[in-house]
Structure formats: C-alpha cells, structure tokens
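Worksheet for the structure shown next.
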Amino acid sequence: MEKTVKIDPKNSFYGTGRRKESIARVWIFPGEGKVKVRSTSGKEWDARDYFERDILMAKINHPFVVTETLGKFDVYATVKGSGKPAQAEAVMYGIAKALEAYNPSLRPALKAAGLMTRDARVKERKKYNQMGARAKYRWSKR
C-alpha cells in the first residue's frame, strides 16, 4: 500500500520511540495537527481511529501540550509490536525526540515532563523449572 504522506528530509524531523515491545518511527512536519499512523498490516489510519481511546490520544498529544506546539505539526508514524497502549506511548516518545530535533531549546521542558527518558519496563522472562517469571510449581513433599 502506498504512503499518502510525502516526507521531505528538508522540512521534517524524525524520532524513534520505544515502549515494551513496540517501536514507533515518527516524523513531524509543519501542518495543522493531523496524526497518521501506519500499522504492520500496511494500512494507514487516522490516529483517532487506530488508537480509539481518548486517553491514548492525550498521551500522543502530550509532548505538543508541554511545548505549547499543539496544532502546529502534522505527525506520520509507523508502529509495530506489542499492544495499542504501548504503541501510543512509543509514538509519544518519538514525537518528543522529533520535537527536540526540531528545536533543541525545547529539551528542558520535555525532560521536566519525563518525555526524554525511555520507560524501560519490559516483561520479565520465564525461567526454566518455573511456571512463569516468578510463579513456581507447587511443591509436594511426597
């Protein structure tokens, strides 16, 4: 499927966001605040249709609210992995990095809001001889 958005390196800014298993590649460019998301299926969505929940849209717009640039940039993001809440947070981190690339003087505001630090929490691996990461098999004396 063809991209409907033309990304020009001269007027766009890139940032990569990660959260849990999800990865978002994000480009921002001057516009009126539209957010397009491309999923692994290759289909392009409007972000409100893809993420569906208002809280996830609020997370995506959080970097713009912090830097007072809401409605000044269009966003194009490709997402893969994990679930939609983690993908929304990955897009949020990607937008923050792209805003920093656009204007490095926005970094203190983004850092104060906690958007320049990746949330490193990931699922703990299952261990051998156990039911899960922490849960053990029941012990029987006889």
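Just so it is clear, none of the values below were taken in a lab; they were calculated from the coordinates. Keep in mind it's a predicted model, so treat the numbers as computed, not measured.
Within the listed set Met57, Met116, Met131, the residue fluctuating most in the Gaussian network model of the chain (springs between alpha-carbon atoms under 10 angstrom) is Met131. Gap in Å between the Cα centre of segment 1-78 and the Cα centre of segment 114-142? That distance is 32 Å. Among Gly94, Gly17, Gly33, the largest mean-square fluctuation in a Gaussian network model of the chain, built with springs joining Cα atoms closer than 10 Å, belongs to Gly33.
On a per residue basis, the convex hull of the C-alpha atoms belonging to segment 1-124 measures out at 97 Å³.
Could you give the length gained by full extension between Lys127 and Lys72, i.e. 0.36 nm per residue of separation minus their alpha carbon distance, to one decimal place? Working shown, then result.
Numbers: separation 55, 0.36 × 55 = 19.80 nm, distance 4.79 nm.
That works out to 15.0 nm of additional length.
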